[in-house]
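Asks: Structure provided below as structure tokens; questions to follow.
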Amino acid sequence: MSYRTIIEPFRIHSVEPMRMTTSSERRAALEVAGYNLFALRAEDVLIDLLTDSGTGAMSRDQWAAIQHGDESYAGSPSWFRFLEGVQELFPFPHVIPTHQGRAAEKILFSVIGGPGRIIPNNTHFDTTRANVEATGAQALDLVIAEGHDPSNLHPFKGNMDLARLDALLAKEYDNIPVVFMTITNNSGGGQPVSLENLRGVRALCDKYDVPLFLDACRFAENAWFIREREAGQSERDVPDIVREVASLADGMTMSAKKDGLANIGGWLAMKDEALAQRCREVLILTEGFPTYGGLAGRDLEAIAQGLHEVVDHDYLRYRIQSTAYLGDALVAAGIPVVRPIGGHAVYLDARALLAHVDPLAYPGQALAVALYEAGGIRSCEIGTVMFGLRPDGVEVPAALDLVRLAIPRRTYTQSHIDYVIEVCRDVASRASELRGYRIVEAPRALRHFTARFAPLS
Ligand code: F0G
């Protein structure tokens, strides 16, 4: 007999209070924040689904590992435990610790990017795109067509469009220093990439002699989807799948704030020794010595232990099922969401729900603000605010206007999620009353973090 209730595979060991605000307090907070949810005080948020990055709960064993942190400047035992933890799953000879994922991206692209260069990816995340473009290189997204259709039920909607990648490589291989694959595909809805597709990308990289790197932030969730959905994979252990994925690549960038189960950290890893040497030179300028990067010894310990825990099947089953629990309830309520439900987040299709709001009036922003105003839930627009401003300064609608409800790992219980479902249903029932926004002030790069908005009258 198999019971259907999702069991969190942990008990609560230490608790954090949350504070309920009134709707007039939330309206006042929104005005002060310029209707940008990044500018809210976290204490004014009840359920914080802004990101799954660095916001998860660490385990008893991670807190214990922190006590073993050795803060030696060079060659600390904590560094060697970190290295062993990383290489057990990703056996790249060169591992370069960084304070988070974008530092790894910044180092790599400052070495291999530059004007005239092109970096293809299934879909670049915002910091990845920004770090590519900051060097003058071009960031190209080549996800399969199904990946742009929020209702298409393709099981691996994060896959790369191999025909388009082949055509690009045939023409431009001299200008392409690396091909990237983001697992899972965050900006496209947290959708996984199949082993078969990764093998296809590998074959093209071999054909044109271009290296393949993984943006592996959510590698364990991706491996779980491979186990669940890909033919012939259901009996395999997740670490074994992860090692096969790693074996198809020449290197990786990583944010340990996601599937490292840590609050901070990341790394850059690769096979190529000469490239590693150049990256370490930049590392020393910006992050620190190569055996700690931008991290304390205790952070290295927390990550090493986190990598051990994140590939546990009970954990991953709970993780993926509980995200689907939220998504399935919203589908049942008739709310348009990206399907299938992704690994770390549920993405509301704001363009469909707020069809009366023009994409350049930011339907995702309007929906995200409404969820906060109604129930103190903080989410994140992933749409025209985040991606609509081209490097030449022209504003165009993004491919999709989504609102991401990202689920911090091991942090909220099912009753918190039931509350989120209730608030979403309420806001969706009055979606036609929501109005768009305009941007009052914004920087040119990564504007979603600091832009200020005003409601359209
Ligand atoms: N790549 C992907 C796919 C990401 O999702 C992120 C971060 C990064 C790289 C950068 O890592 O934050 O450690 O510098 N994503 C977070 C998010 C911020 O909310 O999705 P970082």
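The values are calculated or read from the model by the stated rules, or taken from the named source; none is laboratory data. The structure presented is a predicted model; accordingly, all values stated were derived computationally and were not measured. Here the Cβ is made from the backbone with ideal geometry for all residues, glycine too, and neighbour counts use every protein chain on show.
Asks: I need every pair where a residue in region 200-220 that is farther than 22 Å from Leu261 by Cβ and of a type in the set (Phe, Trp, Tyr) has its Cβ under 9 Å from the Cβ of a residue that is at pLDDT 95 or above and more than 16 Å from the ligand (Cβ to nearest atom), sequence separation at least 6 or different chains.
Replies: Partner pairs satisfying both residue conditions: Tyr208/Asp166; Tyr208/Leu169; Tyr208/Ala170; Tyr208/Tyr173; Tyr208/Ile176; Phe213/Asp250; Phe213/Met270.
Asks: Moving on. Looking at region 388-410 only, could you name the residues that are surrounded by fewer than 24 Cβ atoms within 10 Å (Cβ to Cβ), more than 16 Å from the chain's Cα centre (by Cα) and either under 20 Å from Leu348 (Cβ atoms) or not assigned by TED's automatic domain parsing to the domain that holds Leu367 (or both)?
Replies: Scanning region 388-410 gives Gly388, Pro397, Ala398, Ala399.
Asks: Next question. For region 225-236, which positions are surrounded by fewer than 17 Cβ atoms within 10 Å (Cβ to Cβ) and free of Cβ contacts under 8 Å to residues at least 60 places away in the same chain?
Replies: Result: Ala231, Gly232, Ser234, Glu235, Arg236.
Asks: Provide a single number: the residues in region 245-283 that are closer than 13 Å to Pro97 by Cβ and of a type in the set (D, E, K, R).
Replies: Of the residues in that region, 1 qualify.
Asks: When you scan region 371-387, do you find a residue that is surrounded by fewer than 24 Cβ atoms within 10 Å (Cβ to Cβ), acidic (Asp, Glu) and assigned to a helix (DSSP H, G or I), even just one?
Replies: So far as region 371-387 goes, yes, one or more of its residues are surrounded by fewer than 24 Cβ atoms within 10 Å (Cβ to Cβ), acidic (Asp, Glu) and assigned to a helix (DSSP H, G or I).
Asks: Output the helices (runs of 4 or more DSSP H) that fall wholly within region 192-308 and possess 1 or more residues being touching a strand residue (DSSP E or B) at 6+ places or on another chain (Cβ under 6 Å) and either within 16 Å of the ligand (Cβ to nearest atom) or not assigned by TED's automatic domain parsing to the domain that holds Leu108 (or both), or say none.
Replies: So the answer is 273-286.
Asks: Does Glu88 count as in a helix (DSSP H, G or I), out of contact with any Cys (no Cβ under 9 Å at 6 or more places or on another chain), free of Cβ contacts under 8 Å to residues at least 40 places away in the same chain and assigned by TED's automatic domain parsing to the domain that holds Leu283?
Replies: Taking the combined requirement at face value, the residue does not satisfy it.
Table: residues versus (1) at pLDDT below 95; (2) aliphatic (A, V, I, L, M); (3) in the same structural domain as Pro211 (by TED's automatic domain parsing).
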residue	(1), (2), (3)
Pro97	no, no, yes
Ala104	no, yes, yes
Phe109	no, no, yes
Ile112	no, yes, yes
Pro115	no, no, yes
Ile119	no, yes, yes
Asp126	yes, no, yes
Arg129	yes, no, yes
Gly136	no, no, yes
